[in-house]
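S.K.: Here it is, the structure in full.
Nothing in this text is a laboratory measurement; each read-out follows from the coordinates by a stated rule. This is a predicted model, so every value here is computed, not measured. Ideal geometry is used to build each Cβ from the backbone, glycine not excepted, and the neighbour counts take in all protein chains shown.
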Amino acid sequence: MMEIDIFHIRILLALVMLSSATIIDIRKREISDLMWMIFGAISVAMLFLEPNLTQAAFGVGFSLIVAPLVLILWRFGLFGGADALGLIVLASLAPMATLSDSVISPFSILVNSTLLSVSPMALNFIRNSLLILRKENIFLDFDEPKSKKVLAMFLGYRSKNPKYCFSLEKRVGTKKRLNIVMHNSDTAEYCTTPDTWVTPGLPFMIFILGGFVIQLLFGDMILGLLGV
């Protein structure tokens with residue numbers, strides 16, 4: 001009975017941590033390291049409440065094999081330092097936690113989160129397609145091939161007053177060009193130029209929370225699609 005109680009407490013604490021971090025990230029686009037220190041300390045304390053300390057420590061250690069990967073992804077600028085720390089603390093706080101019967105791995109939350117992070121691209125494309133159907137020239141003054149314009153329709157949109165977005169365009173002479181590059185979420189500056197093409201700087205913490213919930217209810221999205 002104690003083991004079941006601790007398991008659900010771990011999940012509850014993880015949800016509280018991720019929900020709080022997501023709200024803060026949406027409002028401020030910055031999360032204090034103090035949050036990860038607090039929940040990291042809680043994850044260590046939880047080990048001593050386990051009925052089998054050795055087995056629990058092994059489970060946490062196995063779950064933490066995701067840590068080197070997320071640190072590498074952070075160094076390449078694929079997501080922020082807070083996201084990397086959040087995934088690491090999550091691995092120790094609720095190691096490979098799921099309420100389903102599906103097979104999961106230490107990388108399941110990262111996989112689920114990454115797949116969810118692609119979903120805004122579909123929304124961008126639908127949004128831009130509707131504007132084109134309404135005869136709006138969303139690529140006014142752009143000198144670009146059609147293939148690059150289609151790619152831009154997936155990556156972003158033309159914003160009148162961008163907020164928490166990264167620029168997708170630059171000016172070359174009298175023409176505009178699409179500037180499709182990878183933005184480092186820790187160092188890139190947000191765009192403040194009005195009426196410009198941008199890609200939304202959505203906090204990856206949103207997708208980590210979603211990826212964790214999916215792992216709890218359904219397991220690993222990729223392994224599920226593969227029928228594992």
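S.K.: Taking LYS170 as the anchor, which lysines have their alpha carbon closer than 23 Å to its alpha carbon, excluding any fewer than eight residues away along the same chain?
M.R.: Output for LYS170: LYS146, LYS148, LYS149, LYS160.
S.K.: Among the DSSP beta bridges whose two residues both lie in the stretch 119-200, what percent are antiparallel, rounded to the nearest 5? Each step should come with its number before you reach the end.
M.R.: Numbers: 10 of 11 bridges.
If we restrict to bridges inside the stretch 119-200, about 90 percent are antiparallel.
S.K.: To continue, here is another question. Sort 21-29, 136-144 by the packing proxy (mean of other Cβ within 10 Å over each peptide's residues), most packed first. Can you show the working numbers first?
M.R.: Details: 21-29: 16.3, 136-144: 13.7.
Highest mean packing first, the order is 21-29, 136-144.
S.K.: How far, in nm, would the chain grow between PHE154 and ASP5 when pulled straight, counting 0.36 nm per residue and subtracting the alpha carbon separation?
M.R.: Details: separation 149, 0.36 × 149 = 53.64 nm, distance 4.44 nm.
Full extension of this stretch gives 49.2 nm more.
S.K.: Starting with the fewest neighbours, write out ASP101, ASP5, ASP83 ranked by other beta-carbon atoms found within 10 Å of each beta-carbon.
M.R.: Numbers: ASP101 6, ASP5 10, ASP83 25.
Listed from fewest to most nearby Cβ atoms, that is ASP101, ASP5, ASP83.
S.K.: So if I take the centroid of the Cα atoms in the stretch 5-28 and the same for the stretch 104-180, what is the distance between those two points in Å?
M.R.: 30
S.K.: What ranking do 30-39, 209-218 get when scored by the average of other Cβ atoms within 10 Å per residue, highest first?
M.R.: 209-218, 30-39
S.K.: For a test of the definition: using alpha carbon positions, the gyration tensor, and the 1.5 limit on a/c, classify the stretch 134-228 as rounded, prolate or oblate.
M.R.: Numbers: a/c = 2.78, a/b = 1.97, b/c = 1.42.
Verdict is prolate for the stretch 134-228.
S.K.: Expressed as an acute angle from 0 to 90° and rounded to the nearest 10, what is the orientation of the C-alpha long axis of helix 108-117 relative to the principal long axis of the chain?
M.R.: Taking the Cα atoms of the chain, the angle to 108-117 is about 20 degrees.
S.K.: Same structure, new question: Under the definition of Cα pairs under 8 Å and six or more residues apart, what whole-number percent is the relative contact order of the stretch 119-200? Kindly include the intermediate steps, with their values, before the conclusion.
M.R.: Numbers: 119 pairs, mean separation 27.7, N = 82.
Worked out over the stretch 119-200, it gives 34 percent.
S.K.: Next question, about the same structure. Compute the length gained on full extension between ALA41 and SER102: take 0.36 nm times their separation in residues and subtract their Cα-Cα distance, giving the result in nm to one decimal.
M.R.: Residue separation times 0.36 nm, minus the Cα-Cα distance, leaves 19.0 nm.
S.K.: Further question on the same structure: I need the calculated FRET efficiency for the pair PHE48 and LEU226, taking r as the beta carbon distance and R₀ as 35 Å, to the nearest 0.05. Mind dumping the intermediate values first?
M.R.: Values: r = 38 Å, r/R0 = 1.07.
The pair PHE48/LEU226 has a calculated efficiency of 0.40.
S.K.: Compute the separation of the alpha-carbon centres of the stretch 33-48 and the stretch 57-83 and state it in Å as a whole number.
M.R.: Centre-to-centre distance over Cα atoms comes out at 16 Å.
S.K.: So, one more: To the nearest 500 deg cm²/dmol, what mean residue ellipticity at 222 nm is calculated for the chain from DSSP H runs of n ≥ 4 alone, each contributing -39,500 (n - 2.57), summed and divided by the residues?
M.R.: Details: 10 runs with 129 residues, N = 228.
Here the helix-only value at 222 nm equals -18000 deg cm²/dmol.
S.K.: For Rg/Rh (Cα atoms, Kirkwood Rh), pick the label among (1) 1.06; (2) 0.96; (3) 0.94 that corresponds to the value derived from the coordinates.
M.R.: (1)
S.K.: Starting from 0.36 nm per residue, how many nanometres of slack lie between ARG134 and PHE62 once their C-alpha separation is accounted for? Intermediate values should be presented prior to the final figure.
M.R.: Values: separation 72, 0.36 × 72 = 25.92 nm, distance 5.31 nm.
Taking ARG134 through PHE62 to full extension adds about 20.6 nm, to one decimal.
S.K.: I need the calculated FRET efficiency for the pair LEU202 and ASP141, taking r as the beta carbon distance and R₀ as 35 Å, to the nearest 0.05.
M.R.: Numbers: r = 27 Å, r/R0 = 0.78.
After rounding, the FRET efficiency stands at 0.80.
S.K.: Moving on to the next point. List the relative contact order of the chain as a percent without decimals, with contacts defined as Cα pairs under 8 Å and 6+ residues apart. Provide the component values of the computation, followed by the final result.
M.R.: Values: 317 pairs, mean separation 59.9, N = 228.
Relative contact order, the chain: 26 percent.
S.K.: Pairing the Cα long axis of helix 146-155 with the longest principal axis of the chain, what angle in degrees results, from 0 to 90 and rounded to the nearest 10?
M.R.: 40
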